[in-house]
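**Q** Below is one structure. I have some questions about it.
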Amino acid sequence: MKRVNFFYSTKLTFDDYVHDHSFALRIIPPETTTQHILSCSLNIAPYIPTQQTADAFGNNVTAGFMRDDHRFLDFDIKGSAQVDHTSYRTDYMPCYLYQSQYTRPGEALKAFHGSIRETCTGTAAEKAEYLCNLLSETVAYGKGSTDTNTTAEQAFVLKKGVCQDFSHILISLLRMEGIAARYIAGLAFCDGETHSWVEYWTGDHWEGIDPANNCPVNDDYIVISQGRDFRDCAIDRGVMFGKYTKQLQLVRSELT
């Protein structure tokens, strides 16, 4: 068990005024059997009233609406938690067995899976570790080589990606093995932004594994959201109106 302090900040700046801006933030860490949230404060600027709900995957959702003209939206969380990954989560959902938008394999991933099927044996944990080792040998970490729209198949063809891509590829392979797997977005000591990793179903509980760093998940990780893939876990989503053509996003996080 470990007590950690966390901080996460996003600054969105638009190149022109926007209005009638609806947004949903998945930014408040959930209370689970592996993490007890001791404190957490959310700050949003410009200040507006928000509503707290939960989605189908158990993620905390903060919804808001800004009617007036504005050119930025800033939000951050700050808090502390007790983390204990010797406890196990058992919130199983059958949907994690099936491929989703970002994990659906194409010809390259199917061919790769076919080539290693005979050597990928054992328990779910042994298969996950084996596949993680293979990914670290096959795919290189390359910041800027992909974006948030890149699928597992596209990143695998490139043989390059970031934590999101490693997670999508591993989830795709685990699901091809008949193992339920889900995408986790959160904070970790290894990153200055958000991080992603994978949880796989052992048969009676979830275990975490970090394919980008090829290691098991420990008490240095805090879950913010979970889902079938990145689409279910995006920190912020929004719809707005205006003449803007682009937005600048600055992200910073700390875990101590």
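The values are calculated or read from the model by the stated rules, or taken from the named source; none is laboratory data. As the structure is a computational prediction, the values presented were derived from the model and not from experiment. Cβ atoms come from the backbone with ideal geometry, glycine included; neighbour counts cover every protein chain shown.
**Q** Restricting attention to the stretch 209-223, which residues are in a strand (DSSP E or B) and closer than 16 Å to residue 255 by Cβ?
**A** Residues satisfying the conditions are 210, 215, 221, 222, 223.
**Q** Could I ask something else about it? Only one of these is under 22 Å from residue 253 (Cα atoms), out of contact with any Cys (no Cβ under 8 Å at 6 or more places or on another chain) and basic (Lys, Arg): 26, 3. Name it. Steps first, answer last, please.
**A** Details: 26 fails: out of contact with any Cys (no Cβ under 8 Å at 6 or more places or on another chain).
Just a single option satisfies the conditions, and that option is 3.
**Q** Any idea how many residues of the stretch 158-181 are of a type in the set (Lys, Arg), under 27 Å from residue 94 (Cβ atoms) and outside any helix (DSSP H, G or I)?
**A** Counting residues in the stretch 158-181 that are of a type in the set (Lys, Arg), under 27 Å from residue 94 (Cβ atoms) and outside any helix (DSSP H, G or I) gives 0.
**Q** Turning to a different aspect of this structure: Pull out all pairs, ordered by first then second residue, where Cβ-Cβ is under 7 Å, the residues are six or more apart or on different chains, the first lies in the stretch 51-69 and is closer than 20 Å to residue 37 by Cα, and the second is among the acidic types (Asp, Glu).
**A** Taking only residues 6 or more apart or on different chains, the pairs are 57/232; 58/91; 61/55.
**Q** Another question, then. Looking for whichever is in the same structural domain as residue 221 (by TED's automatic domain parsing), aliphatic (A, V, I, L, M), touching a Gly at 6+ places or on another chain (Cβ under 8 Å) and within 30 Å of residue 204 (Cα to Cα) here; the options are 169, 179. Which one fits? Working first, answer last.
**A** Numbers: 179 fails: touching a Gly at 6+ places or on another chain (Cβ under 8 Å).
The unique qualifying residue is 169.
**Q** Taking the stretch 162-200 as the search range and keeping residues that are in contact with a strand residue (DSSP E or B) (Cβ under 7 Å, 6 or more places away or on another chain) and aromatic (Phe, Trp, Tyr), which one is modelled with the lowest pLDDT?
**A** The residue in question is 189.
**Q** Which one of the conditions (1) under 15 Å from the mean Cα position of the chain (by Cα); (2) crowded, with 24+ Cβ neighbours inside 10 Å does residue 173 fail to meet, given that it meets all the rest?
**A** Among (1) under 15 Å from the mean Cα position of the chain (by Cα); (2) crowded, with 24+ Cβ neighbours inside 10 Å, the lone unmet condition for residue 173 is (1).
**Q** Okay, next question. Select from the stretch 98-120 the residues that are surrounded by 11 or more Cβ atoms within 10 Å (Cβ to Cβ) and in a loop (DSSP other than H, G, I, E, B) and list them in ascending order.
**A** Once the filter is applied, which keeps residues that are surrounded by 11 or more Cβ atoms within 10 Å (Cβ to Cβ) and in a loop (DSSP other than H, G, I, E, B), the stretch 98-120 yields 98, 99, 100, 101, 102, 103, 104, 105, 106, 117, 120.
**Q** Considering only the stretch 58-106, state which residues are more than 17 Å from the chain's Cα centre (by Cα) and of a type in the set (Gly, Ala, Ser).
**A** Answer for the stretch 58-106, where residues must be more than 17 Å from the chain's Cα centre (by Cα) and of a type in the set (Gly, Ala, Ser): 63, 64, 79, 80, 81, 87, 106.
**Q** Given the conditions (1) surrounded by fewer than 15 Cβ atoms within 10 Å (Cβ to Cβ); (2) without any contact (Cβ under 8 Å) to a residue 40 or more places away in the chain; (3) of a type outside the set (A, V, I, L, M, F, W, C), report the number of the one that residue 146 does not fulfil.
**A** The one condition residue 146 does not meet is (1).
**Q** Given (1) in a helix (DSSP H, G or I); (2) touching a residue at least 24 places away in the same chain (Cβ under 8 Å), identify the lone condition not met by residue 155.
**A** Result: residue 155 fails condition (2) only.
**Q** Which one of these is touching a strand residue (DSSP E or B) at 6+ places or on another chain (Cβ under 6 Å), farther than 24 Å from residue 217 by Cα, assigned to a strand (DSSP E or B) and assigned by TED's automatic domain parsing to the domain that holds residue 73: 22, 9?
**A** Numbers: 9 fails: farther than 24 Å from residue 217 by Cα.
Residue meeting the stated conditions: 22.
**Q** While we're looking at this one, here's another question. Going by the conditions given, is residue 51 farther than 25 Å from residue 209 by Cβ and not assigned by TED's automatic domain parsing to the domain that holds residue 218? Give the derivation first.
**A** Working: farther than 25 Å from residue 209 by Cβ: yes; not assigned by TED's automatic domain parsing to the domain that holds residue 218: yes.
Here the answer is yes, as residue 51 does meet what is asked.
**Q** Here is a further query. Report, by residue number, each residue of the stretch 147-161 that is at pLDDT below 95 and touching a helix residue (DSSP H, G or I) at 6+ places or on another chain (Cβ under 8 Å).
**A** 148
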